[in-house]
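Accompanying notes for the structure given below.
Every number here is computed from the coordinates shown, using simple stated rules; none is lab data. These numbers were taken from a predicted model, which means no experiment stands behind them. Note that each Cβ is placed from the backbone with ideal geometry, even for glycine, and that neighbours are counted across all protein chains shown.
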Amino acid sequence: MKRVYLYKRFERFWHWCQALLVILLALTGFDIHYSLGIFDFERAVMMHRGLAWAFIVLMVFAVFWHFTTGEWKQYIPTRKFLAAMVQFYLLGIFKNAPHPVHKTQLSKLNPLQRLAYLGLKIILIPGVVLSGLLYYFYNHWEEMGVQGITMGHIAFVHTLCGYILLAFMFGHIYLTTTGQSPLSNLKAMITGWEELSEDSAIN
């Protein structure tokens, strides 16, 4: 095994800020919809709005970082080992089977992760952001030329995307524990360093 610096500083900063913002947006969103009593309604709305703008700013920087560093290539889909990964997550993982795909510096994600993260970045996050912006600018729809949709449609899409994003996060947390040890992936995303096989480390 070789210790490799796999996750860069901004990558870790963006990852943890995104996680924190998603959690806080979920809490304030639930409070707005279901009056959980965590915050009063006006405070929850104000916080949700501020957190949403912070999320958008973070996404702008993240997109810029991905394209200027070439890290966007990590999300290019591939069918290679896709069936093996499906079988591993459905059965092999419960039988202590070896992982079909090993991380490298040039390929940090397995085929299923690539598909999941690509969907997250080009469908789910844009869906929740755009529906949120439409919700926020509701009084300006006529000026913006928005037609054929209602506030109910936007609220449904925004809430649905929020639930899916939250489910994705829970799935992500679970799969984090499936590394070489239950905490190895978490430690790597904190320090940036991960233990890779000698063959993987040099690719």
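Placing unit charges on the Cβ atoms of the charged side chains and taking the dipole of the chain about its Cα centre, the candidate lying farthest along the positive direction among P77, A116, V57 is P77. Could you please report the charge total around P182, scoring K, R as +1 and D, E as -1 over all other residues with beta-carbon less than 15 angstrom from its beta-carbon? Counting the neighbours of P182, the net charge comes to -1.
Dipole size in debye (nearest 20) for the range 1-124 around its Cα centre, Lys and Arg Cβ +1, Asp and Glu Cβ -1?
On the way: 15 positive and 5 negative charges, 178 e Å.
Dipole of the range 1-124, to the nearest 20 debye: 860 debye.
So what is the calculated 222 nm ellipticity per residue for the chain, using -39500 (n - 2.57) for each DSSP H run with n of 4 or more, over all residues, to the nearest 500 deg cm²/dmol? Before the final figure, lay out each step's value.
Numbers: 9 runs with 127 residues, N = 203.
Taken over the chain, the calculation gives -20000 deg cm²/dmol.
Quick one: pull the percentage of alpha-carbon pairs in the chain with a separation above 30 Å. Cα-Cα pairs of the chain separated by over 30 Å account for 31 percent.
Could you calculate the FRET efficiency of K121 with D40 from 1/(1 + (r/R0)^6), where r is the beta carbon distance between them and R0 is 30 Å, rounded to 0.05?
Details: r = 34 Å, r/R0 = 1.13.
For R0 = 30 Å, the calculated efficiency reads 0.30.
The mean of 1/r over all pairs of different alpha-carbon atoms in the range 132-180, once inverted, gives a Kirkwood hydrodynamic radius of 13.0 Å. Out of L36, L82, L25, any idea which swings most in a Gaussian network model of the chain, alpha carbons joined below 10 Å? Between L36, L82, L25, it is L36 that shows the largest mean-square fluctuation.
With a simple spin-label model that places each label point 7 Å from the Cα along the Cα-to-Cβ direction, the separation between W193 and L90 comes to 4.0 nm. Direction-averaged projected area, Cα convex hull, the range 69-168: 9.2 nm², rounded to one decimal. For the chain, a Gaussian network of Cα nodes joined below 10 Å ranks M169, M85, M151 by mean-square fluctuation, and the top entry is M151.
The lysines within cross-link reach of K121, meaning a Cα-to-Cα straight distance under 16 Å and a gap of 8 or more places when in the same chain, are K73. Considering the dipole of the range 1-54 built from charges on the beta carbon (Lys and Arg +1, Asp and Glu -1) around the Cα centre, which of M46, V22, I32 is farthest to its positive end? Checked the options; the winner is V22.
Taking 4 °C and 1.567 mPa s as conditions, the range 1-65 diffuses translationally at an estimated 97 µm²/s according to Stokes-Einstein applied to its Kirkwood radius (Cα pairs).
Shown in residue order for the range 90-105 are the 3J(HN,Hα) couplings computed by the Karplus curve 6.51 cos²θ - 1.76 cosθ + 1.60 at θ = phi - 60°: 7, 10, x, 4, 8, 10, 6, 6, x, 5, x, 10, 10, 5, 9, 5 Hz (x for Gly and Pro).
Take 133-145, 47-59 and order them by the average number of nearby Cβ atoms within 10 Å per residue, most first; the result is 47-59, 133-145.
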